[in-house]
Structures are given as structure tokens and as C-alpha cells.
Amino acid sequence: MLLSTGSLHLCGTQHVFELAAEAGFDGLEVLIDQRVDTWQPGYLARQSAEYGLPVACLHSPFLLNVPHWPAAEGDRVARSLELAEALDAEVVVTHLPVRWPYSILITPRSRVALPHFWRRNGKDVAWFEQQLPAIQAETAVVIAVEIMPLHRALGWPVNVHVWNTLAEWIRFEHLTLDTTHCGTWGVDPRAAYDRADGRVSHIHLSNFDGREHRLPHQGDLALDKFLRHVAADGYQGHISVETSPDAMQAEEPVRLKENLAASLAFCREHYRR
């Protein structure tokens, strides 16, 4: 069982290693973000050795998270692969492409995406269709494409990503199944897993109660049944606990440690191969 650093992105990377080791996780999934230490191979290798936790997976950065990384998804994945190979990580997670390209508006307080609704995101879409298969064939690192949430605007469903339905998502060789994203679609994660027909290479585990990325044991999704289902199927990939910091109560040290321990205990109770 892995802990995603995205669960605690309010904390320093070293602190996440420390917390994960104390709780008893088997390794980390590192979300590459604005913190420089999330994409320095030497630093991550030292933390991995010190705490005895491998970096088993890397999550390619969201465009808004890492201003010094390339804008094109293919270029971000290529750089993530270099980091994964340096760390002997087994998986790189990437998101489906958005439907529209966008520019970044930098304000004193934030960076805001401005979608170009008048034209399609042809460059990233073409990379997924034409280049991803060849790149995957040249590396032992699994590039696992993640199903994304269904958003809502004024109560209306808005699907901002290309191929973001179960029927279309399964076109890729390797998949990341995010359980809370399934929840936004009203889809049982077990049904999504079965529909993928053996292509799920990585799992992001968190619950959904109208809010995304809740603790695995707190929400509307029957993740106990999901874990038993994938274990019975012989699933061999990694499972990453990927919650939000507020679900983990990251600003309350005692509650944070309790929530980490409870999340891991829940996973180990129900996922037994």
C-alpha cells in the first residue's frame, strides 16, 4: 500500500516520508508539484533510503502546479519518465487531456487557467493517440492514464476531458482507476474495474460523499467490497491512498496520524491477496 504525497500536499515532502513510515505504508506515490523537492531525484532517493520507503509511482504534474515544467502533456510525461527511471519507480500516472487548450493568467495570489473554448486541444490529443503507444513500448515504466471526475457548473454536468467515459477510457493499454472520480460519475468502482478488463495498472483509493477524496472508510462508496473484489481478481498493481489534506485533517497532528493509520488498516483488512 502506497501513500500519495498529494494526500498531504500542505506538508513538506520529507515530513510525508516520515509520516508514511511511521504509519507503516509500503512506499510512496510522489505527486510532482510546485515543491522543488518533488522532482529532484537525488533528494527523493535520499529520503527513500532514510525512511526505507521506495518511490514506487510518480504522478505527472498538473499544468498549474509546476510553472517551470513544460506545458504540453507529452513533454511533462517524458520528464516524469526520466525521474521515474532514475528512482526505479514502476509507474507514471498521467491525466487524460483537457478538451480545450488554455493560457495561464498569473495574479499576485494565484495562477488561473483560461480555456480557449473556440478551439480544440489538438496537440495533447494527438500525443495520446500517436506517440504514447510508441513511448510505452520503449520503457519498462508503466504509463497509466487516469480516469477523471465529472464536474458540475450551476448544477449541469461538465466533462472537461477527452475520452473521459468508461467506454473511451479503456482504449489505453495501462489505466489508473481513481475511485473517487468514479463516484462523481455515479459509477461503482467495481464496475469500472471490470469494464477495464485487466488494463488497470494503478489504483487511487479514496471515498466520495459529494466531496472528492475522502478517507477510504468514510463515504458513499463501498470500498471494502471494491478492495476484496480486486484482490480476488488477482490484481497485481499498486494501490495509493490519495485523499485530500482536509480529509486527513493535515493541520491537526494527532488526528492526522490517526487517520493515516485508520486508512492503512482499512486497506489491509480488505485487500488480501
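The values are calculated or read from the model by the stated rules, or taken from the named source; none is laboratory data. Just so it is clear, the model here is predicted, and its values are computed rather than measured. As a convention, Cβ positions derive from the backbone with ideal geometry for all residues, glycine included, and neighbour counts pool all protein chains shown.
Observations
- Sole exception among (1) closer than 21 Å to ASP124 by Cβ; (2) surrounded by fewer than 24 Cβ atoms within 10 Å (Cβ to Cβ) for THR176, by number: (2)
- The stretch 1-29, residues that are touching a residue at least 40 places away in the same chain (Cβ under 8 Å) and either part of a loop (DSSP other than H, G, I, E, B) or of a type outside the set (Gly, Ala, Ser) (or both): MET1, LEU2, LEU3, LEU8, HIS9, LEU10, CYS11, LEU19, GLU22, GLY24, PHE25, GLU29
- For the stretch 65-90, the tally of residues that are among the acidic types (Asp, Glu) and crowded, with 21+ Cβ neighbours inside 10 Å stands at 1.
- Whenever a residue of the stretch 72-84 is free of Cβ contacts under 8 Å to residues at least 60 places away in the same chain, its partners that are among the basic types (Lys, Arg), lying with C-beta atoms within less than 7 angstrom and at least six residues away or across chains, give the pairs ALA72/LYS123.
- Matching residues in the stretch 204-246 - criterion: being within 22 Å of LEU10 (Cα to Cα), among the aliphatic types (A, V, I, L, M) and without any contact (Cβ under 8 Å) to a residue 60 or more places away in the chain: LEU215
- Subset of the stretch 145-166 (residues that are outside any loop (DSSP other than H, G, I, E, B) and surrounded by 14 or more Cβ atoms within 10 Å (Cβ to Cβ)): VAL145, GLU146, HIS161, LEU166
Residue by residue, here is whether (1) surrounded by fewer than 24 Cβ atoms within 10 Å (Cβ to Cβ); (2) out of contact with any Asp or Glu (no Cβ under 9 Å at 6 or more places or on another chain); (3) not charged (D, E, K, R) holds:
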{"position": "LEU215", "(1), (2), (3)": "yes, yes, yes"}
{"position": "GLN218", "(1), (2), (3)": "yes, no, yes"}
{"position": "LEU227", "(1), (2), (3)": "no, no, yes"}
{"position": "GLU269", "(1), (2), (3)": "yes, no, no"}
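- Number of the condition not met by PHE62 [criteria: (1) buried (at least 22 other Cβ atoms within 10 Å of the Cβ); (2) under 19 Å from VAL145 (Cβ atoms); (3) in contact (Cβ under 8 Å) with a residue 24 or more places away in the chain]: (1)
- The set of residues from the stretch 252-273 being among the small types (Gly, Ala, Ser) and either more than 22 Å from the chain's Cα centre (by Cα) or within 16 Å of SER7 (Cα to Cα) (or both) comprises ALA261, ALA262, SER263.
- Matching residues in the stretch 8-18 - criterion: being in contact with a helix residue (DSSP H, G or I) (Cβ under 6 Å, 6 or more places away or on another chain), modelled with pLDDT of 95 or more and within 19 Å of GLU252 (Cβ to Cβ): LEU8, VAL16
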